[in-house]
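Engineer: Take this structure, written in C-alpha coordinates, and hold onto it; I'll ask about it next.
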Amino acid sequence: MTLMEPIKPAATAGITCTVAALRRAVIAAASIVQRRNTIPVLGCLRITPRDGLLEIEATDLDSWLTVDCDATCAAADPFLLDAFVLRALLVGAETSDSISIDRAADIVTMRIGPTTIRLRLLIDAADWPAEPGTDGMIWSDVPETALAKMIDSVRWAISTEETRYYLNGIYMHGRDRRLAGAATDGHRLALYQTDADWPLPDLIFPRHSVAALRSLLTAGGNQHISVGGSTKPAMRFVGSGWSMFVKCIDGTYPDYQRVIPDRSKIRGHAVINRALLRRFPNPKAFRHGRGGIKFDLEKRIASLNSVTFGFEIEAGIEADGDFSIGFNQRYVGEVVQNFGTVRIEASASSDAALLLTEDPDLTVVIMPMRM
(Lines give C-alpha, C1' and ligand atoms only; values in the text may rest on other atoms or scores of the structure.)
Protein backbone atom coordinates (compact mmCIF):
# COMPACT_ATOMS: atom_id res chain seq x y z
CA MET A 1 0.00 0.00 0.00
CA THR A 2 1.33 3.45 -0.89
CA LEU A 3 0.53 6.71 0.84
CA MET A 4 -1.57 7.74 -2.18
CA GLU A 5 -3.89 4.74 -1.93
CA PRO A 6 -7.17 5.17 -0.01
CA ILE A 7 -7.19 3.75 3.51
CA LYS A 8 -9.60 0.88 3.84
CA PRO A 9 -11.71 0.81 7.01
CA ALA A 10 -11.24 -2.02 9.46
CA ALA A 11 -13.46 -4.98 8.87
CA THR A 12 -14.33 -5.93 12.46
CA ALA A 13 -15.03 -4.04 15.64
CA GLY A 14 -12.49 -4.53 18.40
CA ILE A 15 -12.79 -1.95 21.19
CA THR A 16 -15.57 0.26 22.51
CA CYS A 17 -15.40 2.76 25.38
CA THR A 18 -16.55 6.25 26.33
CA VAL A 19 -14.81 9.48 25.40
CA ALA A 20 -14.65 10.47 29.07
CA ALA A 21 -12.88 7.27 30.15
CA LEU A 22 -10.37 7.20 27.29
CA ARG A 23 -9.65 10.92 27.49
CA ARG A 24 -8.92 10.68 31.23
CA ALA A 25 -6.49 7.80 30.70
CA VAL A 26 -4.77 9.35 27.68
CA ILE A 27 -4.29 12.77 29.31
CA ALA A 28 -2.85 11.15 32.44
CA ALA A 29 -0.44 8.93 30.51
CA ALA A 30 0.60 11.66 28.07
CA SER A 31 1.69 13.88 30.97
CA ILE A 32 5.11 12.21 30.98
CA VAL A 33 5.61 12.30 27.20
CA GLN A 34 8.16 14.90 26.12
CA ARG A 35 7.21 17.32 23.34
CA ARG A 36 10.50 16.80 21.55
CA ASN A 37 11.93 13.31 21.22
CA THR A 38 14.95 12.14 19.28
CA ILE A 39 13.56 8.60 19.67
CA PRO A 40 10.18 8.51 17.85
CA VAL A 41 8.73 5.67 19.92
CA LEU A 42 8.89 7.86 23.05
CA GLY A 43 6.33 10.22 21.50
CA CYS A 44 3.76 7.43 21.44
CA LEU A 45 1.35 5.74 23.80
CA ARG A 46 1.30 1.96 23.97
CA ILE A 47 -2.29 0.71 23.93
CA THR A 48 -2.85 -2.88 25.00
CA PRO A 49 -6.36 -4.40 24.91
CA ARG A 50 -7.04 -6.68 27.88
CA ASP A 51 -10.25 -8.47 28.80
CA GLY A 52 -12.52 -5.60 29.80
CA LEU A 53 -10.00 -2.76 29.74
CA LEU A 54 -7.32 -0.90 27.83
CA GLU A 55 -3.86 -0.35 29.27
CA ILE A 56 -2.51 3.04 28.19
CA GLU A 57 1.25 3.25 28.77
CA ALA A 58 3.81 6.04 28.30
CA THR A 59 7.51 6.38 29.02
CA ASP A 60 10.38 8.83 28.73
CA LEU A 61 12.91 6.11 29.74
CA ASP A 62 13.15 7.62 33.23
CA SER A 63 9.56 6.84 34.18
CA TRP A 64 6.86 4.43 33.00
CA LEU A 65 3.18 5.22 33.60
CA THR A 66 0.30 2.82 32.92
CA VAL A 67 -3.32 3.92 33.25
CA ASP A 68 -6.34 1.63 32.85
CA CYS A 69 -9.38 2.57 30.80
CA ASP A 70 -12.65 0.65 31.13
CA ALA A 71 -13.61 -0.77 27.74
CA THR A 72 -15.45 -3.56 26.02
CA CYS A 73 -12.74 -5.59 24.31
CA ALA A 74 -10.86 -8.86 24.28
CA ALA A 75 -7.16 -9.38 24.84
CA ALA A 76 -5.17 -8.48 21.72
CA ASP A 77 -1.72 -7.38 20.62
CA PRO A 78 -0.61 -3.85 21.63
CA PHE A 79 -0.26 -0.98 19.16
CA LEU A 80 1.31 2.49 19.30
CA LEU A 81 -0.35 5.85 18.58
CA ASP A 82 1.13 9.33 18.72
CA ALA A 83 0.38 10.69 22.21
CA PHE A 84 -0.36 14.29 21.23
CA VAL A 85 -2.41 13.41 18.16
CA LEU A 86 -4.60 11.06 20.18
CA ARG A 87 -4.96 13.57 23.02
CA ALA A 88 -5.96 16.34 20.58
CA LEU A 89 -8.60 14.13 18.96
CA LEU A 90 -10.14 13.28 22.34
CA VAL A 91 -10.03 16.79 23.78
CA GLY A 92 -12.21 18.02 20.94
CA ALA A 93 -14.74 15.19 21.26
CA GLU A 94 -18.05 15.36 23.11
CA THR A 95 -17.83 13.74 26.54
CA SER A 96 -21.13 11.92 25.99
CA ASP A 97 -19.92 10.27 22.77
CA SER A 98 -18.81 6.66 22.61
CA ILE A 99 -15.73 5.45 20.77
CA SER A 100 -15.16 2.32 18.72
CA ILE A 101 -11.64 1.37 17.75
CA ASP A 102 -10.99 -1.17 15.00
CA ARG A 103 -7.65 -2.43 13.85
CA ALA A 104 -6.75 -4.10 10.58
CA ALA A 105 -3.09 -4.65 9.77
CA ASP A 106 -1.37 -1.25 10.07
CA ILE A 107 -4.56 0.85 10.17
CA VAL A 108 -6.53 1.89 13.25
CA THR A 109 -10.02 3.26 12.64
CA MET A 110 -11.65 5.32 15.38
CA ARG A 111 -15.30 6.28 15.30
CA ILE A 112 -16.17 9.05 17.73
CA GLY A 113 -19.84 9.96 17.47
CA PRO A 114 -20.45 10.90 13.82
CA THR A 115 -16.70 11.23 13.09
CA THR A 116 -14.49 8.56 11.54
CA ILE A 117 -10.71 8.86 11.95
CA ARG A 118 -8.14 6.59 10.35
CA LEU A 119 -4.61 6.43 11.74
CA ARG A 120 -1.72 4.60 10.18
CA LEU A 121 0.46 2.65 12.63
CA LEU A 122 3.91 4.04 11.87
CA ILE A 123 5.92 2.40 14.67
CA ASP A 124 5.97 -1.28 15.56
CA ALA A 125 4.87 -2.11 19.11
CA ALA A 126 7.92 -4.39 19.35
CA ASP A 127 10.08 -1.25 19.54
CA TRP A 128 8.55 -0.28 22.88
CA PRO A 129 11.24 -0.18 25.62
CA ALA A 130 10.88 -2.71 28.41
CA GLU A 131 10.06 -1.42 31.88
CA PRO A 132 12.69 -2.23 34.54
CA GLY A 133 11.73 -4.92 37.03
CA THR A 134 10.77 -4.44 40.65
CA ASP A 135 12.90 -7.19 42.19
CA GLY A 136 14.29 -6.31 45.59
CA MET A 137 11.83 -3.51 46.31
CA ILE A 138 10.54 -2.88 49.82
CA TRP A 139 6.82 -2.08 49.91
CA SER A 140 4.51 -0.04 52.10
CA ASP A 141 0.95 1.31 51.87
CA VAL A 142 0.69 5.11 52.09
CA PRO A 143 -2.65 6.98 52.42
CA GLU A 144 -3.42 8.79 49.18
CA THR A 145 -4.30 12.01 50.99
CA ALA A 146 -0.98 12.02 52.92
CA LEU A 147 1.05 11.53 49.75
CA ALA A 148 -0.84 14.31 47.94
CA LYS A 149 -0.48 16.67 50.91
CA MET A 150 3.25 16.06 51.14
CA ILE A 151 3.78 16.79 47.44
CA ASP A 152 1.69 19.98 47.54
CA SER A 153 3.50 21.21 50.65
CA VAL A 154 7.06 20.96 49.33
CA ARG A 155 7.08 20.86 45.51
CA TRP A 156 7.37 24.66 45.17
CA ALA A 157 10.85 24.56 46.78
CA ILE A 158 12.39 22.00 44.38
CA SER A 159 15.55 23.29 42.73
CA THR A 160 15.74 23.74 38.96
CA GLU A 161 19.53 24.22 38.98
CA GLU A 162 21.01 21.37 36.98
CA THR A 163 24.53 21.63 38.45
CA ARG A 164 23.27 20.45 41.85
CA TYR A 165 21.23 17.68 40.31
CA TYR A 166 20.63 15.96 43.66
CA LEU A 167 18.33 18.86 44.63
CA ASN A 168 16.11 18.38 41.55
CA GLY A 169 13.47 16.38 43.36
CA ILE A 170 11.60 15.59 46.57
CA TYR A 171 13.67 13.78 49.18
CA MET A 172 11.29 11.05 50.39
CA HIS A 173 12.74 9.61 53.55
CA GLY A 174 11.96 8.26 56.98
CA ARG A 175 11.90 10.37 60.16
CA ASP A 176 11.22 8.06 63.10
CA ARG A 177 10.11 5.53 60.47
CA ARG A 178 7.44 7.94 59.20
CA LEU A 179 7.36 9.31 55.65
CA ALA A 180 8.74 12.84 55.31
CA GLY A 181 9.29 14.88 52.16
CA ALA A 182 11.88 17.64 51.80
CA ALA A 183 12.72 20.00 48.95
CA THR A 184 15.26 22.80 48.75
CA ASP A 185 17.10 24.96 46.24
CA GLY A 186 19.67 26.21 48.75
CA HIS A 187 17.72 29.43 49.40
CA ARG A 188 14.57 27.94 50.90
CA LEU A 189 13.59 24.61 52.38
CA ALA A 190 10.20 22.92 52.75
CA LEU A 191 9.80 19.87 54.97
CA TYR A 192 6.55 17.97 55.48
CA GLN A 193 6.11 15.17 58.02
CA THR A 194 3.34 12.57 57.53
CA ASP A 195 2.04 9.84 59.82
CA ALA A 196 2.51 7.14 57.18
CA ASP A 197 4.84 4.21 57.89
CA TRP A 198 8.04 4.35 55.82
CA PRO A 199 10.24 1.23 55.90
CA LEU A 200 11.62 2.09 52.43
CA PRO A 201 15.12 3.42 51.73
CA ASP A 202 15.64 7.18 51.46
CA LEU A 203 15.12 8.22 47.82
CA ILE A 204 15.10 11.43 45.75
CA PHE A 205 11.95 11.46 43.63
CA PRO A 206 12.77 13.49 40.48
CA ARG A 207 11.12 16.81 39.64
CA HIS A 208 10.10 15.77 36.11
CA SER A 209 7.83 13.04 37.53
CA VAL A 210 6.26 15.02 40.40
CA ALA A 211 3.46 16.61 38.37
CA ALA A 212 2.48 13.29 36.76
CA LEU A 213 2.30 11.51 40.11
CA ARG A 214 0.34 14.33 41.74
CA SER A 215 -2.22 14.34 38.91
CA LEU A 216 -3.00 10.70 39.71
CA LEU A 217 -3.77 11.43 43.37
CA THR A 218 -6.96 12.80 44.91
CA ALA A 219 -6.26 15.26 47.73
CA GLY A 220 -9.24 14.05 49.76
CA GLY A 221 -9.01 10.45 48.60
CA ASN A 222 -9.46 7.58 51.01
CA GLN A 223 -7.45 5.05 49.02
CA HIS A 224 -4.05 3.65 49.92
CA ILE A 225 -1.19 3.76 47.43
CA SER A 226 1.24 0.85 47.36
CA VAL A 227 4.74 2.32 47.25
CA GLY A 228 7.83 0.30 46.52
CA GLY A 229 11.42 1.48 46.75
CA SER A 230 14.86 0.07 46.10
CA THR A 231 18.42 1.31 46.34
CA LYS A 232 18.92 0.96 42.56
CA PRO A 233 17.52 3.74 43.05
CA ALA A 234 13.92 3.43 41.88
CA MET A 235 10.32 3.64 43.06
CA ARG A 236 6.99 2.20 42.00
CA PHE A 237 3.55 3.54 42.89
CA VAL A 238 0.42 1.44 42.40
CA GLY A 239 -3.02 3.00 42.75
CA SER A 240 -6.53 2.14 41.67
CA GLY A 241 -6.31 1.68 37.89
CA TRP A 242 -2.77 2.98 37.45
CA SER A 243 0.88 2.22 38.18
CA MET A 244 4.03 4.29 37.85
CA PHE A 245 7.69 3.24 37.84
CA VAL A 246 10.31 5.97 38.28
CA LYS A 247 14.09 5.98 38.22
CA CYS A 248 15.12 8.13 41.17
CA ILE A 249 18.04 10.57 41.32
CA ASP A 250 21.27 8.78 42.13
CA GLY A 251 22.89 11.12 44.62
CA THR A 252 23.23 12.06 48.28
CA TYR A 253 20.78 14.59 49.65
CA PRO A 254 22.35 17.23 51.93
CA ASP A 255 21.76 17.21 55.69
CA TYR A 256 18.95 19.77 55.72
CA GLN A 257 18.59 19.49 59.50
CA ARG A 258 21.59 21.76 59.97
CA VAL A 259 19.79 24.80 58.52
CA ILE A 260 16.58 24.49 60.54
CA PRO A 261 16.73 27.20 63.25
CA ASP A 262 16.59 26.30 66.92
CA ARG A 263 13.35 27.85 68.19
CA SER A 264 14.83 28.31 71.67
CA LYS A 265 17.15 30.96 70.16
CA ILE A 266 14.45 32.96 68.34
CA ARG A 267 14.62 36.69 69.20
CA GLY A 268 11.97 38.18 66.94
CA HIS A 269 8.96 37.51 64.76
CA ALA A 270 6.64 39.07 62.20
CA VAL A 271 3.25 38.03 60.83
CA ILE A 272 2.27 38.42 57.18
CA ASN A 273 -0.81 37.32 55.23
CA ARG A 274 -2.25 37.50 51.70
CA ALA A 275 -4.05 40.81 52.32
CA LEU A 276 -0.82 42.49 53.42
CA LEU A 277 1.19 40.97 50.58
CA ARG A 278 -1.23 42.37 48.01
CA ARG A 279 -0.24 45.88 49.11
CA PHE A 280 3.21 45.33 47.61
CA PRO A 281 3.81 45.16 43.83
CA ASN A 282 4.42 41.73 42.36
CA PRO A 283 8.16 41.38 41.56
CA LYS A 284 7.21 40.04 38.11
CA ALA A 285 6.09 43.57 37.26
CA PHE A 286 9.73 44.72 37.40
CA ARG A 287 12.15 44.23 34.56
CA HIS A 288 14.64 42.42 36.80
CA GLY A 289 11.84 40.20 38.15
CA ARG A 290 12.85 40.26 41.82
CA GLY A 291 12.66 42.43 44.90
CA GLY A 292 13.48 42.31 48.58
CA ILE A 293 10.95 42.81 51.35
CA LYS A 294 12.31 44.12 54.66
CA PHE A 295 10.81 43.54 58.10
CA ASP A 296 11.74 46.08 60.79
CA LEU A 297 10.64 44.17 63.87
CA GLU A 298 11.27 47.03 66.29
CA LYS A 299 9.25 49.58 64.28
CA ARG A 300 6.74 46.90 63.24
CA ILE A 301 6.96 47.86 59.60
CA ALA A 302 7.31 45.83 56.39
CA SER A 303 8.82 47.78 53.50
CA LEU A 304 9.67 47.40 49.84
CA ASN A 305 11.85 49.93 48.06
CA SER A 306 13.58 50.24 44.72
CA VAL A 307 16.41 52.62 43.91
CA THR A 308 16.09 51.67 40.24
CA PHE A 309 12.39 52.60 40.00
CA GLY A 310 12.41 55.24 42.71
CA PHE A 311 9.72 54.09 45.12
CA GLU A 312 9.36 53.02 48.75
CA ILE A 313 6.31 51.29 50.26
CA GLU A 314 5.69 50.69 53.96
CA ALA A 315 2.93 48.85 55.79
CA GLY A 316 2.33 48.22 59.48
CA ILE A 317 2.60 44.61 60.67
CA GLU A 318 2.31 42.53 63.79
CA ALA A 319 5.91 42.06 64.94
CA ASP A 320 8.27 41.93 67.89
CA GLY A 321 12.07 42.14 68.15
CA ASP A 322 14.98 44.57 68.03
CA PHE A 323 16.44 43.96 64.55
CA SER A 324 15.54 44.05 60.85
CA ILE A 325 15.63 41.17 58.39
CA GLY A 326 14.99 40.97 54.64
CA PHE A 327 13.97 38.24 52.21
CA ASN A 328 13.44 37.69 48.52
CA GLN A 329 9.87 38.88 48.01
CA ARG A 330 9.03 36.01 45.67
CA TYR A 331 10.08 33.39 48.23
CA VAL A 332 7.92 34.92 50.96
CA GLY A 333 5.06 35.40 48.50
CA GLU A 334 5.04 31.74 47.45
CA VAL A 335 4.66 30.58 51.04
CA VAL A 336 1.93 33.10 51.83
CA GLN A 337 -0.03 32.39 48.63
CA ASN A 338 0.17 28.63 49.21
CA PHE A 339 -0.48 28.50 52.94
CA GLY A 340 -2.15 31.75 54.06
CA THR A 341 -1.08 33.59 57.21
CA VAL A 342 2.61 33.02 58.01
CA ARG A 343 4.60 33.75 61.17
CA ILE A 344 8.27 34.54 60.42
CA GLU A 345 10.68 33.76 63.28
CA ALA A 346 14.39 34.60 63.33
CA SER A 347 17.26 34.99 65.81
CA ALA A 348 19.28 37.60 63.86
CA SER A 349 19.24 39.53 60.59
CA SER A 350 21.83 37.23 59.03
CA ASP A 351 20.40 33.90 60.17
CA ALA A 352 17.96 31.58 58.43
CA ALA A 353 14.32 32.18 59.41
CA LEU A 354 11.46 29.82 60.17
CA LEU A 355 8.16 30.41 58.40
CA LEU A 356 5.38 28.81 60.41
CA THR A 357 1.95 28.13 58.91
CA GLU A 358 -1.29 26.78 60.35
CA ASP A 359 -0.09 23.27 59.46
CA PRO A 360 2.09 21.94 62.32
CA ASP A 361 3.48 19.21 60.06
CA LEU A 362 5.04 21.74 57.68
CA THR A 363 8.43 23.37 58.28
CA VAL A 364 9.65 26.15 55.97
CA VAL A 365 13.09 27.78 56.18
CA ILE A 366 14.20 30.79 54.11
CA MET A 367 17.65 32.33 53.96
CA PRO A 368 17.76 36.13 54.42
CA MET A 369 19.12 38.58 51.87
CA ARG A 370 21.20 41.67 52.42
CA MET A 371 19.02 44.75 52.19
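Engineer: Would you mind counting up the charge near Val335? Only other residues with Cβ under 14 Å from its Cβ, with Lys and Arg at +1 and Asp and Glu at -1. Before the final figure, lay out each step's value.
Structural biologist: On the way: positive: Arg155, Arg188, Arg274, Arg330, Arg343; negative: Asp152, Asp185, Glu334, Glu345, Glu358, Asp359.
Residues near Val335 contribute -1 overall.
Engineer: Here is a further query. Can you tell me which aspartates and glutamates have their Cα less than 15 Å from the Cα of Lys294? Leave out same-chain residues fewer than eight positions away.
Structural biologist: Correct list for Lys294: Glu312, Glu314, Glu318, Asp320, Asp322, Glu345, Asp351.
Engineer: How would you classify the range 33-75 from its alpha-carbon gyration tensor, with a ≥ b ≥ c the square roots of the eigenvalues: rounded for a/c under 1.5, else prolate if a/b is greater than b/c, otherwise oblate? Before the final figure, lay out the partial values.
Structural biologist: Values: a/c = 3.46, a/b = 2.61, b/c = 1.32.
Prolate.
Engineer: Give the calculated FRET efficiency between Arg370 and Tyr165 to the nearest 0.05, with a Förster radius of 25 Å applied to their Cβ-Cβ distance. All intermediate terms of the calculation are to be shown ahead of the outcome.
Structural biologist: Working: r = 28 Å, r/R0 = 1.13.
That gives a FRET efficiency of 0.35.
Engineer: In the range 129-235, how does Rg compare with the Kirkwood Rh, expressed as the Rg/Rh ratio over alpha carbon atoms?
Structural biologist: Numbers: Rg = 13.5 Å, Rh = 14.2 Å.
Reported Rg/Rh (Cα atoms, Kirkwood Rh): 0.95.
Engineer: Quick one: which residues, 5 or more positions from Ile32 or on another chain, have an amide H under 5 Å from its amide H? H modelled 1.01 Å from N in the peptide plane, none for Pro or chain starts.
Structural biologist: Amide H neighbours of Ile32, under 5 Å, 5+ apart: none.
Engineer: Before I look further, what does the range 146-225 give for accessible area per residue, probe 1.4 Å, in whole square angstrom? All intermediate terms of the calculation are to be shown ahead of the outcome.
Structural biologist: Details: 3210 Å² over 80 residues.
Value for the range 146-225: 40 Å² per residue.
Engineer: Express in whole angstrom the spacing between the alpha-carbon centres of the range 259-282 and the range 193-258.
Structural biologist: 31
Engineer: Work out the charge dipole of the range 138-257 with +1 on the Cβ of Lys and Arg and -1 on the Cβ of Asp and Glu about the Cα centre, then indicate which of Ser159, Pro201, Leu217 is farthest towards its positive end.
Structural biologist: Value: Leu217.
Engineer: Further question: Can you find, among Val259, Val26, Asn282, the residue sitting farthest towards the positive end of the charge dipole of the chain, where Lys and Arg contribute +1 and Asp and Glu -1 at Cβ?
Structural biologist: Asn282
Engineer: Nearest 10 degrees is fine. How inclined is helix 144-154 to the longest principal axis of the chain, computing both from alpha carbons?
Structural biologist: 50
Engineer: Percent of accessible area on the range 298-371 owned by carbon and sulfur, 1.4 Å probe?
Structural biologist: On the way: 1550 of 3660 Å².
Looking at the range 298-371 in its full context, I get 42 percent from C and S.
Engineer: Cβ neighbours within 10 Å, averaged per peptide: list 210-217, 228-235 in order, most packed at the top. Don't jump to the answer; show the numbers that get you there.
Structural biologist: On the way: 210-217: 17.9, 228-235: 19.6.
Listed from highest to lowest mean packing, they are 228-235, 210-217.
Engineer: With both partners inside the chain, how many of the DSSP beta bridges are antiparallel, as a percent to the nearest 5?
Structural biologist: Approximately 100 percent, going by the DSSP bridge assignments.
Engineer: Quick one: the Cα spread of the range 304-371 along its three principal axes, in angstroms, biggest first?
Structural biologist: 41, 25, 21
Engineer: Can you give the Rg/Rh ratio of the chain, where Rg is from the C-alpha atoms and Rh is the Kirkwood radius? If you can, show how the numbers build up before the last one.
Structural biologist: Values: Rg = 25.4 Å, Rh = 23.5 Å.
Radius of gyration relative to Kirkwood radius: 1.08.
Engineer: Right, next: If you average 1/r across every pair of different Cα atoms in the range 260-366 and take the reciprocal, what Kirkwood value do you get, in Å?
Structural biologist: On the way: mean 1/r = 0.0713 Å⁻¹.
This gives a value of 14.0 Å.
Engineer: Divide the volume of the convex hull of the Cα atoms of the range 175-261 by its number of residues and quote the answer in cubic angstrom per residue.
Structural biologist: Working: hull volume 10.7 nm³, N = 87.
Roughly 123 Å³ of hull volume per residue.
Engineer: Same structure, new question: Take the Cβ-Cβ distance between Arg35 and Ala130 as r, set R0 to 30 Å, and report the resulting FRET efficiency rounded to the nearest 0.05. Spell out each step's value before the answer.
Structural biologist: On the way: r = 24 Å, r/R0 = 0.79.
Efficiency, rounded to the nearest 0.05: 0.80.
Engineer: How much length is gained if the chain between Ser264 and Asp106 is pulled fully straight, taking 0.36 nm per residue apart and subtracting their Cα-Cα distance, in nm to one decimal?
Structural biologist: Taking 0.36 nm per residue and subtracting the Cα distance, the gain is 49.9 nm.
Engineer: Could you give the spread of the C-alpha atoms of the range 26-110 along their three principal axes, from largest to smallest, in whole angstroms?
Structural biologist: 33, 27, 23
The values are calculated or read from the model by the stated rules, or taken from the named source; none is laboratory data. Quick caveat, the model's predicted, so the values are computed rather than measured. Using ideal geometry, Cβ is built from the backbone for each residue, glycine included, and neighbour counts are taken over all protein chains shown. With ligands, DNA and RNA removed, areas are computed over all heavy atoms of the protein, side chains included. Shrake-Rupley method; radii C 1.70, N 1.55, O 1.52, S 1.80 Å.
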